[in-house]
1. Is it true that Ala99 is in a helix (DSSP H, G or I), open to solvent by less than 30 Å² (accessible area, probe 1.4 Å), at pLDDT 90 or above and farther than 30 Å from Glu187 by Cα?
2. For segment 103-118, what are the residues that are surrounded by 13 or more Cβ atoms within 10 Å (Cβ to Cβ) and at pLDDT below 90?
3. Just a yes or no: is a residue in segment 31-40 within 30 Å of Gln260 (Cβ to Cβ) and either in a helix (DSSP H, G or I) or within 20 Å of the chain's Cα centre (by Cα) (or both)?
4. Could you give every pair whose Cβ atoms fall below 7 Å, whose first residue belongs to segment 65-88 and is within 22 Å of Leu38 (Cα to Cα), and whose second residue is at pLDDT below 90 and open to solvent by 40 Å² or more (accessible area, probe 1.4 Å), counting only separations of at least 6 or pairs across chains?
5. List the residue pairs whose Cβ atoms are under 6 Å apart, where the first residue sits in segment 222-238 and is at positive phi and among the charged types (D, E, K, R), the second is surrounded by 19 or more Cβ atoms within 10 Å (Cβ to Cβ) and modelled with pLDDT of 95 or more, and the two are 6 or more positions apart or on different chains.
6. Sort out which residues of segment 1-25 are in a helix (DSSP H, G or I) and within 25 Å of the chain's Cα centre (by Cα), and write them in order of number.
7. State which residue is farthest from Val220 (Cα to Cα) when the search covers only segment 49-92 and only residues that are open to solvent by less than 60 Å² (accessible area, probe 1.4 Å) and under 16 Å from the mean Cα position of the chain (by Cα).
8. Would you please name the residue that is surrounded by the fewest Cβ atoms within 10 Å (Cβ to Cβ), looking only at residues in segment 242-260 that are at pLDDT 75 or above, in contact with a helix residue (DSSP H, G or I) (Cβ under 7 Å, 6 or more places away or on another chain) and among the aliphatic types (A, V, I, L, M)?
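The values are calculated or read from the model by the stated rules, or taken from the named source; none is laboratory data. All values derive from a computational prediction rather than experimental measurement. All Cβ positions, even for glycine, are placed from backbone atoms using ideal geometry, and neighbour counts span all protein chains on display. For accessibility, only protein heavy atoms count, side chains too; no ligands or nucleic acids. Shrake-Rupley method; radii C 1.70, N 1.55, O 1.52, S 1.80 Å.
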Amino acid sequence: MFEPSDKPRLFGLPCGVDFPRAVKEGLLERFGADQPELLARTEIFVNTSRMKRDLLAAFDDGQTRLLPRVRLITELGRDLRFRDLRMPVSGLRLRLELAQLITHFLDNRPGFAERSAVYGLADTLALLLGEMHDENVTYETLCNLTLENTSDHWREALEFLKIVKDIYDRDTDMPPLVEERMRTVVERLATEWATCPPDHPVLVVGSTGSRGTTARFMEVVARLPQGAVIQPGVDFDMPQHVWDRLADPSISGPMHDHPQERIVRLAT
């Protein structure tokens, strides 16, 4: 499908197009009619059930052909090759564990929050833990935050976030978080595919890499001999100096809120 290349393959489609249909037409044009079985061997990973449904509907246009295998990225962890990894902890158990830690914290800091806020705080901390694992942010990163010139409120909040350390340093009997297990799966795939890549086309379609683990998987796929990433909503008319500013790692602030920021970050 693809010619040999030492660079990652990153493609994009502009805003306003029928994305699933454009992907289908592009694949059929690239495959041609010489190898109809190649389409059936193609794996396409998407990030939402809606994209999976829309992509399969685009191929269901009344023509007789073999269909690609369309999978959710989150389904990666269900492969038998990862059966040795423990299944992730349930959301309920995680929140109950956090609620106990928060209750202990409030016993020592009664003015920090009302007791009625325990389960709300547990839910917030669970989301934070998921984001930290997803973005590969360690507890040490929180500890290294500079708060000398901030109010006591922020320093007190950081003390509260030390609860996260108890989960990071938890007993090994507790299963991994969903995001933690997913990152382990992706990193293992990266190691395996570095020495024994798939011999069939592998594509990631429709994601901008807004989540850290997904972006890491997209990077791995884009570097496969027969891998590629197809991103939606790329602004090909954006001025070059804007692209350059988005790609400059020294620039922070409002540029991180730009709708093309994740696309540029993945491309660089």
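1. Working: in a helix (DSSP H, G or I): yes; open to solvent by less than 30 Å² (accessible area, probe 1.4 Å): yes; at pLDDT 90 or above: yes; farther than 30 Å from Glu187 by Cα: yes.
Judged against the criteria, Ala99 is a match.
2. The first filter runs over segment 103-118 and keeps only residues surrounded by 13 or more Cβ atoms within 10 Å (Cβ to Cβ), leaving 103, 105-106, 112-113, 117-118.
Answer for segment 103-118, where residues must be surrounded by 13 or more Cβ atoms within 10 Å (Cβ to Cβ) and at pLDDT below 90: Phe105, Leu106, Phe112, Ala113.
3. The initial filter retains those residues of segment 31-40 that are within 30 Å of Gln260 (Cβ to Cβ), namely 31.
Now narrow it down to the ones that are either in a helix (DSSP H, G or I) or within 20 Å of the chain's Cα centre (by Cα) (or both): 31.
Yes - at least one qualifying residue is present in segment 31-40.
4. Cβ pairs passing all conditions: Arg65/Pro36; Leu66/Pro36; Leu66/Glu37.
5. Partner pairs satisfying both residue conditions: none exist.
6. Start the filter on segment 1-25 by keeping residues that are in a helix (DSSP H, G or I), which leaves 19-25.
Of everything in segment 1-25, those that are in a helix (DSSP H, G or I) and within 25 Å of the chain's Cα centre (by Cα) turn out to be Phe19, Pro20, Arg21, Ala22, Val23, Lys24.
7. Met51
8. Ala247
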